[in-house]
Amino acid sequence: MSAAPFIIVAIDGGAASGKSSTARALSSRFRLLHVDTGSFYRAVTAELLRRGARAGDVATVLPVLPALQFGTQVHGGTAQMTIAGRPVDAAELRSAEVNAAVSHFAAIPEVRAALLAYQRGQAEVARAQGFRGLAMEGRDIGSVIFPDADLRFFLHADPAERARRRAQEGQTDAVAERDRLDSQRKTAPLACPPGAVAIDSTNLTLEQVVERMAAAIAARISA
Ligand code: C5P
């Protein structure tokens, strides 16, 4: 019997569009490594802020970037970025300061370039740890990181519903403003790439979204 194929599932969408919940559910169902690339941009943002870089001031960012040493630890099926061997505190990743700065740093081409190979390298992490593939979520996974992914999804949801989801989580997060910055940047903007499966989750439950995606993945696996 031949080995099961390694599958890459790309899930893109705006802030609080349901990417993380669906990616986690699909990861455990299909034994995929869950990779939240937003958490990578958040970790880099927290570290840049700690080292004195300022959002909107590229000159304070560029000298710090080459010194950042990225690694990966896998916890509960999710890839966690380490910087200089240490994971960034989970609460810090979701802090109001990081929420406000992350899209500014993520718009800098050199920041994106610094993370490109690291993100693609998550496929090697998944293989080495015996996962059947990757469920990677972000903004440019299906367009830039893995344009040849086996499945590419793009999640939409009404902005008011997305703001409600974040508030329910107790977070201070201007989701519409982050989407505006993410959609308007020149490098790898947030956009549904041609050929991706677009799903509007505004009036769907998490289970309904997951079932739609899971059916597409199962069809692909058995094809
Ligand atoms: O997914 P999350 O909302 O945690 O992402 C935080 C920010 O990281 C986004 O608003 C965006 O600026 C940036 N990001 C990105 N490209 C990705 C993932 C996240 O620019 N692939």
Quiz item: Looking at region 178-188, which of the residues that are of a type outside the set (S, T, N, Q) and touching a residue at least 12 places away in the same chain (Cβ under 8 Å) is farthest from the ligand (Cβ to nearest atom)?
Solution: 186
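May I ask you to say which residue of 127, 112, 120, 139 is closer than 25 Å to residue 4 by Cβ, in contact (Cβ under 8 Å) with a residue 24 or more places away in the chain and within 14 Å of the ligand (Cβ to nearest atom)? Give the steps one after another, and end with the answer.
Values: 127 fails: within 14 Å of the ligand (Cβ to nearest atom); 112 fails: closer than 25 Å to residue 4 by Cβ; 139 fails: closer than 25 Å to residue 4 by Cβ.
The unique qualifying residue is 120.
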Practice problem: Would you point out the residue of region 22-59, among those that are polar (S, T, N, Q) and more than 12 Å from the ligand (Cβ to nearest atom), that is nearest to residue 161 (Cα to Cα)? | Solution: 22
Practice problem: Check whether at least one residue in region 144-158 is farther than 24 Å from residue 33 by Cα, at pLDDT below 90 and either open to solvent by less than 20 Å² (accessible area, probe 1.4 Å) or under 16 Å from the mean Cα position of the chain (by Cα) (or both), and report yes or no. | Solution: yes
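Out of region 21-51, which residues are in contact with an Asp or Glu (Cβ under 6 Å, 6 or more places away or on another chain) and closer than 16 Å to residue 94 by Cβ? Before you say what the answer is, go through the steps one by one.
The initial filter retains those residues of region 21-51 that are in contact with an Asp or Glu (Cβ under 6 Å, 6 or more places away or on another chain), namely 23, 36, 46.
36, 46, listed by residue number.
Would you check if residue 113 is modelled with pLDDT under 95 and open to solvent by 40 Å² or more (accessible area, probe 1.4 Å)?
Values: modelled with pLDDT under 95: no; open to solvent by 40 Å² or more (accessible area, probe 1.4 Å): yes.
In short, no.
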Quiz item: For region 189-205, what are the residues that are touching a residue at least 24 places away in the same chain (Cβ under 8 Å) and open to solvent by 80 Å² or more (accessible area, probe 1.4 Å)?
Solution: 200
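Against the definition (out of contact with any strand residue (DSSP E or B) (no Cβ under 6 Å at 6 or more places or on another chain) and either among the charged types (D, E, K, R) or within 15 Å of the ligand (Cβ to nearest atom) (or both)), how does residue 83 come out, yes or no? Write out each step before concluding.
Working: out of contact with any strand residue (DSSP E or B) (no Cβ under 6 Å at 6 or more places or on another chain): yes; either among the charged types (D, E, K, R) or within 15 Å of the ligand (Cβ to nearest atom) (or both): no.
In short, no.
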Quiz item: Within region 117-135, can one find any residue that is touching a strand residue (DSSP E or B) at 6+ places or on another chain (Cβ under 6 Å) and of a type in the set (Ser, Thr, Tyr)?
Solution: yes
Quiz prompt | Evaluation of residue 96 against (1) open to solvent by 60 Å² or more (accessible area, probe 1.4 Å); (2) at pLDDT below 95; (3) away from the ligand (no atom under 12 Å from the Cβ) (one fails), failing number | solution = (1)
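The values are calculated or read from the model by the stated rules, or taken from the named source; none is laboratory data. Note that the structure is predicted; figures quoted are calculated from it, not measured. Positions of Cβ are generated from backbone atoms using ideal geometry, with glycine treated the same way; all protein chains shown enter the neighbour counts. Heads up: the accessible areas ignore ligands, DNA and RNA and are worked out on the full protein's heavy atoms, side chains in. Shrake-Rupley method; radii C 1.70, N 1.55, O 1.52, S 1.80 Å.
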